[in-house]
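A.B. asks: Can you keep this structure in mind? I'll have questions shortly.
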Amino acid sequence: MGLIGPTIIPFQGACWNCFERKYKNDLKDHHFDILLNTRKSSGAVVFLSSIIANIQAWDGVRVITGIGSPLMLNRKGFLDLDTLKIDWEIVSKDPNCEVCQTNSYDKNN
């Protein structure tokens, strides 16, 4: 399984904090909270990393050049190696997020 995305654009979609909060809430809902921050580092499958890096790089090119809207804004994908199917999950802005619910950037932080 490989994780694709998300693309985060400040004040246009969910921020990293929103994604992290959803991830932790999902784990608690499924009683996997013992796994939080206990994962050990393991080797990477090189071709999987290359596929995901190319998809994410293309989304970055779309954002920088403006040739299209970002495909992974407010969502992340899970690439299944057995089927090469990508299952997408939508992540909305968390209404209680202290990071992205402000409408301005505080330069003092």
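A.B. asks: Every residue in the range 66-85 that is touching a residue at least 60 places away in the same chain (Cβ under 8 Å) and either in contact with a Leu (Cβ under 8 Å, 6 or more places away or on another chain) or assigned to a loop (DSSP other than H, G, I, E, B) (or both), please.
C.D. replies: Pro70, Leu71, Met72, Asn74, Lys76, Gly77, Phe78, Leu79, Asp80, Leu81
A.B. asks: Also, I was wondering about something else. Mind listing whichever residues of the range 57-81 are of a type in the set (S, T, N, Q) and crowded, with 17+ Cβ neighbours inside 10 Å?
C.D. replies: Asn74
A.B. asks: Something else about it: Cβ contacts < 6 Å: first residue over 17 Å from Ser69 (Cα atoms), restricted to the range 8-26; second residue of a type in the set (Lys, Arg), any location; separation 6+ or different chain. Result?
C.D. replies: Cys18/Lys93
No value in this document is a laboratory result; all are computed from the given coordinates. Every value quoted in this text rests on a predicted model; they were computed, and no experiment measured them. Counting neighbours? That spans all protein chains shown, and the Cβs are built from the backbone with ideal geometry, glycine included.
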